[in-house]
Structure formats: C-alpha cells, structure tokens
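K.L.:
Structure provided below as structure tokens; questions to follow.
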Amino acid sequence: MHNLLNVNNLQIAFRKRKKSIKVVNGVDFGISKGEIVGIVGESGCGKSVTSLSIMRLFHDTSGEVVGGTIQFKEKDLLELSEREMRRIRGKEIAMIFQEPMTSLNPVMKIGKQLIQGIMLHLGLNREEAKQQAVEMLKLVGIPRAESIMNEYPHQLSGGMRQRVMIAIAMSCEPELLIADEPTTALDVTIQAQILQLMKKIQRERGTAILLITHDLGVVAESCDRVVVMYAGRVVEEATVEELFESPLHPYTQGLIESVPKIGNRKEELYSIPGHVPNPEAMPNGCKFASRCPYVMDICREREPQLVSNNNGRKQRCWLHQSIKEEERKTIG
Amino acid sequence: MVDNELLKVKGLKKYFPISNGWFSSKEYVKAVDEVSFSVKKGETLSLVGESGCGKSTLGRLINGLIKADAGDIVFKGDNLAEASETKWRSYRKPMQMIFQDPYASLSPRMKIKEIIAEPLKIHDPSLSREEREAKVKSILEICGIDYYHSDKYPHEFSGGQRQRIGIARALILQPELIIADEPVSALDVSIQAQILNLLKKLQKDYQLTYLFISHDLSVVEHISDHVAVMYLGNIVEIAPREAIFEDPKHPYTKALLSSVPIPDPKLKRESIILKGEIPNAANPPKGCKFHTRCPLAMSICSKEIPIMKTVGDKQQMVACHLYQ
C-alpha cells in the first residue's frame, strides 16, 4: 500500500454503438508522498484515460469507470459526490496536459486564470491571491512575472505556456500533480528546462508526480518508479533502475530495445513485429502473445495476472510465474 | 562537380514577408538564410534543429514546392533555382517526398492502389493498366503491405502502415533523392523502429539518397551519414555523423545533444540546460543568432556574424567565433 494514491483493478469502458468496449482492464499501481511515478506505453494503451479517471474528467464523454477503486488518502475518489470531487480537483490533485495552448483559456488573461483557483480553493481575497499568483509565476521561472499577469496565452511561447500551466497547477500546493505528456509538444532544449522544473518542484515542495509519457528517455531521467502499460493493462512495474537494467516483460524488453540510443548506433534497430490488438477484438490469453518472441501455449489460453515477485517487482507474464504461484499471490 | 554529388545547395535564401498593416515597412522572417551544403549519391544528410529553424522550409525549397529568393539548387548538375515550372515538374520524378503526418498526407477518398498509382499516371502515362498494377503490387510488397489490402482506404490502416503507403508512393517512380520530412515523428517507438529499418533497407537496395529532416537526434544518429544542425535559418554546424555525435564543436550542437533524454537511468551526465527560449524569427538577435542563449558567448558574438570554417581534420564545418 502506498500512502497517497492506490489504484486497484481499474476498469474503464467506452460505449460505441450500444456496445461497451473495455479500454482499461486491470490497472493497479500506487504513489507514495513525494514520489515521481511514470506510466509509459504506446498510443491506445490506456495511460491517458487512466490519468483522466483519477481526476474523474470524462464524465460527459461516453467513457465510464466500470470497476475498481481509486483510493486517494482515505477516500475512494470514485465514491465521492461531484461537489466533494470539486474540492479535491485543483487543490489536492492538479493536472497539466500535453498541449498548453488548448488547456489555457485563450480569452482570459493569465493572471485571472491563476487567481480564480487560488481564491476558490485557498479562500484568499483578490489582493492576496494576486500576490500568490505572482509568486507562483516566479517559482516556475517566468521572467517579468508581474507583466505576464496581464497578458493572454497567445502572447507566450509553448515553453512559457507550459510553465504557466505548471504555475496554475501548483498554486494551491497539491499533494499530487498529474502530468500527461507535459513535454511532448516542446522542443528538446525546452523539454529539458521543463523536466528540470518539475524535479525542482518535487524536491522543494514534496509534491508527488504521476508522469504519463511515451518517451522512455523522459522516464529514465525523471522517475523513481515506472508502470508499463500495454493494451489497457499494467504489464510490469519496477523502480526505474531495475526496469532499464533487467526488464522482465517481453513487451518492456522490446520497447527499450527499439529506442535508438545516442552513442550506441546499430545497423538495424530491434522492432516489435505486428501491432497492438484492437480493443473491440481482444484475443484471449496474454494480449501481447501475438507479438511475443517467447510465446508459449499457455499464453494464448489464459491471461497471466499481475504478480508481485519477492523483491517487490510486479509483472504480468507466464515466463515469470507458474499457475500455482498465480493462485497463491494474485494481487488486487 | 565533385564525384557522385547528387545535390548541391549554395547560398539558398527564403524570406517570408510579414506585413503589419498597409503603411508599415515590410518586414521579413528569414526562414532560410545563406544555406549551403551538398549530398553525395547513396548517402543520407540529416537536417536537425528545433521548431522554426527552417529545416522544413529548406526541404520544400529543394523540392520546388516553394520558390527560393536567391541561391542555387544544383541537382545532378542542373541548376533548378531559376527553372520554369515545367522543368521543375520533370525533376520531381527523381526527387520525391515523404511527409510527417501519415494521416494528413494520404487522400481519404482514394483506395491505396489508386494513391500509389497516381504518380505513375502523371509521370509515365504510356504504361498500360496491367503494367501499372504490377508495379503497384511489387512496390507495396517491398514496403511490407500485402497487395490483398490494396482495395482499402487509408483510414483502415494504422499509422505505421500508412507511413509505409506514403513510402511506397514516393518509391514508385524510382526516385534518386528522397526528402523525408519528420517521417517517424508521429509514430510510436516500436513502429518507428520498423519504419527506420525499412528506410535503411530501401536505401541499400536502391542506392537512394536521403535528405532526412528531423528534430530527434537519436533517430538522426541512427540513419545519417552527415548531419547539418540548423538554428534560426542558418546551418551552424555540418559534419560527418561521428564528428557531430562524438566531438560536437558548436555550443548549440553540444546543448542540443545534452538535452536529449537518454533511456538509461544509471547514466547521470552533466547536461547543458540552455537558458531562455528560441528568439522570434522575425527579429533575430544581431551577430551570432545563438549568442542570447549561448553559455560561452563573448563580446564579439553580439556584433559580428560568424562565418563557416573547417575545424579539425574530419570535414567538420562550424560557424562560431570560438573557432575563428
């Protein structure tokens, strides 16, 4: 059990023409205070939907949590009323998104966007909130913070907008910051600045960060622990050092192997054959079986469970568990 | 002409006008400014840099999609910069493009066999229907798509398969030069590796020359023979791959390399984190355009524009006052 957030057996389905399609089926992970946890996976693996479900942000879409619990401190977020949830959203858990232009209001001055949340959640008056807002902008490294308060998002560059987003997210001192691909739309030199800023915030304020990304380089440079997702499931969890040194799941191995690495040039890159199965027609058994180089008969018949090894690592693979063990140590 | 030189670009310029109303003086964004380089047959030159550095504009200039304001584009010994549109058209056959977004660059209303056959209809109208179909079939298979799928529409394919279709369309005319503008940036890593392997294999099999435009240095190292680093419309460093990656000279190249996140948590290296942002291209800094962010800037850097000079013995050319 982690002391901040525990997600147990999360299941999310989307409705499509009266059919319910499960896009997330069996996601378990946790975050302790002050930790940076990464969720990595390729497009469609369910990592973004998982993060949205923690904030309960897809209530007006066709998506729905159909099973599991999301325990934040003592509360199950899925049980809360919308009113109670509103008090957590933005105050105790804050979120930043990939595209800083579409997540800021284009017709509202930066200052106002910052002040709103501060006044609402911290109960400060306008003057105090303004001071707090300027302080936040300085914290995230925005030069001439006072004058930026009176500017609109379009007047800023992508990197600056992402800093403003982080300032808004951090303004009520949340305990958990969810960052969904925060640097994907940015150039590498700006990405390095933003990652450095996020690590500084975590170090100085003790904020736990859930970092959702497809970039293994970003994971290696910023996370303490990593959760790997494939086809709506967690397939492996480990500390960042363990994951890169000895990945257990063949999908993790393939993913790490297929990234071109500077200073380690190969004539031919490893590539995972085939593609991700369609969520409308998921195969039985392990979802990675059709692409796995080590596939066995049992993989096509029964889906392995996410199992904890003795050293606390978790994996969902028949290579590392026997059926007996599965029955003994099933998690969640 | 140097041996085997397929493409040579000299002093290429493209200024886009930006007007701020009727009476204001004309201002320009110098998207590509005095760019020179050459590519040998069968080699890959990569253009790298951050958004707005002019790398995509440069690719479009070479393909004649936009017209240059000044400079020479010499392709197989012919200068195309002044060429008429008709002459350009005949040069687009040996010079094909692959685009970044496999969703936007294929017509959603055409079957993929029609998409791939279209260039043939234009550049090789004498072919019979059967000959065309045979060519489409063989190129699809070379690119890893079963001909069985050729009656489908682009939306029925995944991103990686669509990029294969884009590659097949570029290859069907048996081009010599392929300009690939961020061909793998929209793809997931496992698919990216498949496409990079395909591009390398095709290069070997058909002696293709690539102009590879990318912002991703780890991809660039994998695919290139030579690398040109661009910043705000200029090439700041151009050199063989090993020189760029093992012994970068320009402070911008060094910073760019050190900001790439490395997928190895044990490798704790000192990274140079640049201060500030990329300046506005409409109003770039005077002197060396990089001096506002350069950790090693000297007083001369804000006054004089550095010129390209060869440094060391590895054909490495750098535009930086540190080496003048």
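K.L.:
What is the ratio of the Cα radius of gyration of the stretch B:78-181 to 2.2 N^0.38 Å, where N is its residue count, to two decimals? Walk me through the numbers before you get to the answer.
P.N.:
On the way: Rg = 14.0 Å, N = 104, 2.2 N^0.38 = 12.8 Å.
Its radius of gyration relative to the 2.2 N^0.38 Å reference: 1.09.
K.L.:
Let me ask another. Let's test the formula: R0 of 60 Å, r as the Cβ-Cβ distance of A:S62 and A:R126. What FRET efficiency results, to the nearest 0.05?
P.N.:
Details: r = 39 Å, r/R0 = 0.66.
The pair A:S62/A:R126 has a calculated efficiency of 0.95.
K.L.:
For the stretch A:83-144 and the stretch B:26-97, what is the centre-to-centre distance using only Cα atoms, to the nearest Å?
P.N.:
Cα centroid to Cα centroid, the span is 46 Å.
K.L.:
For a Förster distance of 25 Å, can you work out the FRET efficiency between the beta-carbons of A:E79 and A:E99, rounded to the nearest 0.05?
P.N.:
0.20
K.L.:
If I take every Cα pair under 8 Å that is 6 or more residues apart in the stretch B:28-122, average their sequence separation and divide by the length, what percent do I get for the relative contact order? Show your work: numbers first, answer last.
P.N.:
Numbers: 37 pairs, mean separation 14.8, N = 95.
Computed over the stretch B:28-122, the figure is 16 percent.
K.L.:
Tell me the angle of helix B:189-206 to the major Cα principal axis of chain B, expressed in degrees between 0 and 90 and rounded to the nearest ten.
P.N.:
In chain B, helix B:189-206 runs at an angle near 80 degrees to the longest axis.
K.L.:
Turning to a different aspect of this structure: Evaluate Rg over Rh across the stretch A:104-172, taking Cα atoms for both radii and Kirkwood's formula for Rh. Could you put the intermediate results ahead of the total?
P.N.:
On the way: Rg = 10.7 Å, Rh = 11.6 Å.
For the stretch A:104-172, the value is 0.92.
K.L.:
Relative to 2.2 N^0.38 Å, what does the C-alpha radius of gyration of chain A come to as a ratio? Two decimals please. Spell out each step's value before the answer.
P.N.:
Working: Rg = 20.8 Å, N = 332, 2.2 N^0.38 = 20.0 Å.
Working it through for chain A, the quotient is 1.04.
K.L.:
Hand me the trypsin sites (Lys or Arg not before Pro) from the stretch B:79-123 located in a DSSP loop with no more than 13 other Cβ atoms within 10 Å, in residue order please. Working shown, then result.
P.N.:
Numbers: sites: B:K87, B:R89, B:R92, B:R109, B:K111, B:K113, B:K121; in loops: B:R92, B:R109, B:K111.
Answer by residue number: B:R109.
K.L.:
Is the shape of the stretch B:137-189 rounded, prolate or oblate, going by the alpha carbon gyration tensor and its root eigenvalues a ≥ b ≥ c, with a/c under 1.5 for rounded and a/b larger than b/c for prolate? Could the numbers behind the result be given before it?
P.N.:
On the way: a/c = 2.19, a/b = 1.07, b/c = 2.05.
In terms of gyration-tensor shape, oblate.
K.L.:
Right, another one. For the stretch B:105-176 and the stretch B:183-234, what is the centre-to-centre distance using only Cα atoms, to the nearest Å?
P.N.:
21 Å
K.L.:
So which trypsin sites (Lys or Arg not before Pro) in the stretch A:241-298 are both in a DSSP loop and have at most 16 other Cβ atoms within 10 Å of their Cβ?
P.N.:
Details: sites: A:K261, A:R265, A:K266, A:K287, A:R291; in loops: A:K261, A:R265, A:K266, A:K287.
Counting only loop positions with at most 16 other Cβ atoms within 10 Å, the trypsin sites (Lys or Arg not before Pro) in the stretch A:241-298 are A:R265, A:K266.
K.L.:
Continuing with this model, one more query. Let me check the size of the protein assembly as shown from its C-alpha atoms; what are the radius of gyration and Dmax in Å?
P.N.:
26.5, 82
K.L.:
In nm, to one decimal, how far is the modelled label at A:Q196 from the one at B:L65, with both set 7 Å along Cα→Cβ?
P.N.:
3.4 nm
K.L.:
Next question, about the same structure. Between B:T86 and A:N309, what is the spin-label point distance in nm, taking each point 7 Å from the Cα along the Cα→C-beta axis?
P.N.:
Roughly 7.1 nm, to one decimal.
K.L.:
Once every DSSP H run of n ≥ 4 in chain A is given -39500 (n - 2.57) and the sum is divided by its residues, what mean residue ellipticity at 222 nm do you get, rounded to the nearest 500 deg cm²/dmol? Walk me through the numbers before you get to the answer.
P.N.:
Working: 13 runs with 116 residues, N = 332.
Roughly -10000 deg cm²/dmol at 222 nm, from the helical runs in chain A.
K.L.:
Continuing with this model, one more query. Eigenvalues of the Cα gyration tensor times 5, then square-rooted: what semi-axes does that give for chain B, in whole angstrom, largest first?
P.N.:
Values: eigenvalues 256, 110, 73 Å².
The equivalent ellipsoid of chain B has semi-axes of 36, 23, 19 Å.
K.L.:
Also: Determine the gain in length on full extension of the stretch A:M296-A:N278; use 0.36 nm per residue of separation and subtract their C-alpha separation, reporting nm with one decimal.
P.N.:
On the way: separation 18, 0.36 × 18 = 6.48 nm, distance 2.14 nm.
Extra length available between A:M296 and A:N278 comes to 4.3 nm.
K.L.:
Put a dot 7 Å past each Cα toward the Cβ at B:E114 and B:K303; how far apart are the dots in nm?
P.N.:
6.5 nm
K.L.:
Given an 8 Å cut-off on Cα distances and at least 6 residues of separation, report the relative contact order of chain A as a percent.
P.N.:
Numbers: 580 pairs, mean separation 65.9, N = 332.
Computed value for chain A: 20 percent relative contact order.
K.L.:
Something else now. Over the stretch A:122-168, what is the relative contact order in percent, taking alpha-carbon pairs closer than 8 angstrom and at least six residues apart? Display every interim value, and only then the final one.
P.N.:
On the way: 20 pairs, mean separation 21.5, N = 47.
The value is 46 percent.
Any read-out appearing in this document is the output of simple, stated calculations on the displayed coordinates, not a laboratory observation. As the structure is a prediction and not an experimental result, all values here were calculated from the model. Virtual Cβ from ideal backbone geometry, glycine too; neighbours counted across all protein chains shown.
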